[in-house]
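Laboratory data are not the source of any read-out in this text; all were calculated from the coordinates shown. Because the structure is predicted, anything quoted here is derived from the model rather than measured. We place every Cβ from the backbone using ideal geometry, glycine too, and count neighbours over all the protein chains shown.
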Amino acid sequence: MVNSGSSSLKYKVFAAAVAAGEESGWLAAGSVERIGDAASQLTHRRPGAAPSTTRAQVPDHAAAVAAMLAALTQHGPDASDIVAVGHRVVHGGDRFTEPTVVDVAVVAALEALTPLAPLHNPVNLDCLRAVREALPGVIHVAAFDTAFHATLPPQARTYAIPRDLAERHGIRRWGFHGISHSYVTRRAAHALEVLPTDVRLVICHIGNGVSVTAVAAGRSVDTSMGMTPLEGLVMGTRSGDIDPAVIPYLVRETGQSADDVEALLNHDSGLQGLCGDSDVRSVRSRAEAGDAAARLALEVYSYRLRKYVGAYLAVVAKPHAVVFTGGVGENDPQTRAAVVGPLGHLGLRLDSDANTAVHGSEKPVRIDDGSGAIPLLVVPTDEELEIAHLTWRLVSASA
């Protein structure tokens, strides 16, 4: 499974039985970090073996794909054993709402969607093309981050702008992190002993990117990210919600172009803009040492999250749980406490000891004290495994 980012490439190899959901585990995993940088690095892992690290300049994503395949050939499993490849694609628009076998026509259609995700889809397509060229004899499947949110009802996905303009240019709430939210929905349902088609959740995916999704009857009914991943929560480098009038104001007052302001909101805002650091761990260390800017950054970050959780508890009637996932959501008890601790009046009661004890768990863990109306869960996400499930389901159906 191939999961590409703007300067990284993650991959994971599963046996067919794992992809089919009959077994657990993976055969190999790895990542290429800092693509385009002189300090590029590939790390390849096999279960039970020490990681293998290679440092060499990787100029682009095509070179990253070549490095990935070379690592598989050298350390195993050999790339010649691969029968299908699942690819994460951020934006599928309203045409691609299910996993899709990739052919020339699909690639062309995805290229046409680039204006909707200019920071993400081009990189996804670069990797997809490179892997298809290197492995022409296998089935390639695209899994879309937007697909899980295709069920958003009109009142949740519609912006209050002229309707003909919105329809002509695809301006609506699309939602992102859908592959993660889909996986976590199923895993949480199993942990709660609720049918996936019945489960009602508020899911907080908290990493460098942050989103909250309301799930009813196993389907996304609202989500914080919008037409782009910029809307919603305060993130590592993204501003999240902001008065739209700020953009033309900055253009007029600073002389920056609209593109400059867009880049500022995506790459130099969020925690980075508030205190000069985008990593929650570093920001927290600075806050604990008395850094006022870092402390305010964390307060803004957790306050916005808390507001969205409260809002989505109004959307989902009688939720089965509020769920935390993602790198920060799974591993930072202080963020979880800051989000749900003040929400006891809404039925969220945290068990401080249970919350503190959860770090890097591979299984869902409850962190509420049992006295509240709504359980609290930490559920580790696995986007690559979800892509594998989606890919195998499609490949098996077409066999």
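The residues Trp26, Trp392, when put in order of fewest to most other Cβ atoms within 10 Å, stand as Trp26, Trp392. Each residue in His205, His140, His345 was given a count of other beta-carbon atoms within 10 angstrom of its own, and listing them fewest first yields His345, His140, His205. Each of Leu165, Ala337, Ala56 was placed along the dipole of the chain (beta-carbon charges, centred on the mean Cα), and the one lying farthest toward the positive end is Ala337.
Placing one equal scatterer on every Cα of region 174-294 and applying the Debye formula, the log10 ratio I(q)/I(0) at q = 0.14, 0.16, 0.23 Å⁻¹ is -0.71, -0.84, -1.16. The Cα trace of region 295-343 gives Rg and Dmax of 11.2, 34 Å, the first to one decimal, the second as a whole number. Pairs of Cα atoms nearer than 8 Å and 6+ residues apart set the relative contact order; for the chain it is 14 percent.
Of the residues Trp174, Pro153, Val106, the one whose Cα sits farthest toward the positive end of the charge dipole of the chain, with +1 on the Cβ of Lys and Arg and -1 on the Cβ of Asp and Glu, is Pro153.
Taking only the C-alpha atoms, wrap a convex hull around region 324-399 and report its volume per residue in Å³ as a whole number.
Details: hull volume 7.7 nm³, N = 76.
It is 101 Å³ per residue.
Loop sites here are GluC sites (Glu not before Pro) outside DSSP states H, G, I, E and B with no more than 16 other Cβ atoms within 10 Å. The longest part of the chain free of them is 24-192.
Would you kindly state how much longer the chain becomes between Ala373 and Asp279 on full extension, computed as 0.36 nm times their sequence separation minus their alpha carbon distance, in nm to one decimal? Before the final figure, lay out the partial values.
Values: separation 94, 0.36 × 94 = 33.84 nm, distance 3.29 nm.
Extending this stretch completely gives an extra 30.5 nm.
Sort Phe14, Phe324 so the one with the fewest other Cβ atoms within 10 Å of its own Cβ comes first.
Working: Phe14 24, Phe324 30.
Least crowded to most crowded, the residues run Phe14, Phe324.
What's the magnitude of the charge dipole for region 193-383 around its Cα centre, counting Lys and Arg as +1 and Asp and Glu as -1 at the beta-carbon? Answer in Debye, nearest 20. Walk me through the numbers before you get to the answer.
Details: 16 positive and 25 negative charges, 107 e Å.
It comes to approximately 520 debye.
Could you work out [θ]222 nm for the chain from helices alone, using -39500 (n - 2.57) per DSSP H run of at least four and dividing by all its residues? Round to the nearest 500 deg cm²/dmol. Walk me through the numbers before you get to the answer.
Numbers: 16 runs with 160 residues, N = 399.
The helix contribution divided over the chain gives -12000 deg cm²/dmol.
Using only the Cα atoms, what convex hull volume per residue in Å³ does region 2-144 have? The partial results should precede the final answer.
Values: hull volume 14.1 nm³, N = 143.
Taking only Cα atoms, region 2-144 has a hull volume of 99 Å³ per residue.
Where does the Debye-calculated log10 I(q)/I(0) of region 193-383 sit at q = 0.12 Å⁻¹, using only Cα point scatterers of equal weight, no solvent? With no solvent term, the Cα-only Debye profile gives -0.60.
Net charge around Arg349, counting only other residues with Cβ within less than 10 Å of its Cβ (Lys, Arg = +1; Asp, Glu = -1)? Provide the component values of the computation, followed by the final result.
Numbers: positive: none; negative: Asp351, Asp368, Asp369.
Around Arg349, the charge tally is -3.
Rounded to the nearest 0.05, what FRET efficiency do Val246 and Ser361 have when you use their Cβ-Cβ distance and R0 = 45 Å?
Values: r = 40 Å, r/R0 = 0.88.
Calculated value: 0.70.
Remark: region 378-384, residue by residue, has Karplus-estimated 3J(HN,Hα) of 10, 10, x, 8, 8, 4, 5 Hz, where x stands for each Gly or Pro and the curve is 6.51 cos²θ - 1.76 cosθ + 1.60 at θ = phi - 60°.
Residue by residue, region 241-255 carries 3J(HN,Hα) couplings of 3, 8, 4, x, 5, 4, 5, x, 4, 5, 4, 6, 7, 10, x Hz when phi is fed to the Karplus relation 6.51 cos²θ - 1.76 cosθ + 1.60 (θ = phi - 60°); x denotes Gly or Pro.
What is the extension gain from Ala337 to Ala105, computed as 0.36 nm multiplied by their sequence separation minus the C-alpha to C-alpha distance, in nm to one decimal?
Working: separation 232, 0.36 × 232 = 83.52 nm, distance 4.78 nm.
Contour length minus Cα-Cα distance gives 78.7 nm.
One chain, two ends: Ala39 and Ala15. Fully extended at 0.36 nm per residue, the span grows by 5.4 nm beyond their Cα-Cα distance.
Label zone of Ala50 (point 7 Å out along Cα→Cβ, amide N under 20 Å): in region 60-79 this covers 71-72, 74-77. Computed from backbone phi with θ = phi - 60° and the Karplus coefficients 6.51, -1.76 and 1.60, the 3J(HN,Hα) list for region 282-299 is 5, 4, 5, 4, 5, 4, 5, 8, x, 6, 5, 5, 5, 5, 5, 4, 5, 5 Hz; x is used for glycine and proline. Extending 7 Å from Cα along the Cβ direction at Val300 and again at His267 yields two label points whose distance is 2.0 nm.
Placing a pseudo-label 7 Å from each Cα along the Cα-to-Cβ vector at Ser398 and Ala258 gives an inter-label distance of 3.8 nm.
About the centre of its Cα atoms, the chain shows a dipole size close to 520 debye [charges on the beta carbon of Lys, Arg (+1) and Asp, Glu (-1) only; nearest 20 debye]. Farthest towards the positive end of the charge dipole of the chain, among the residues Gly21, Val365, Val123, is the Cα of Val365, using unit charges on the Cβ of Lys, Arg, Asp and Glu.
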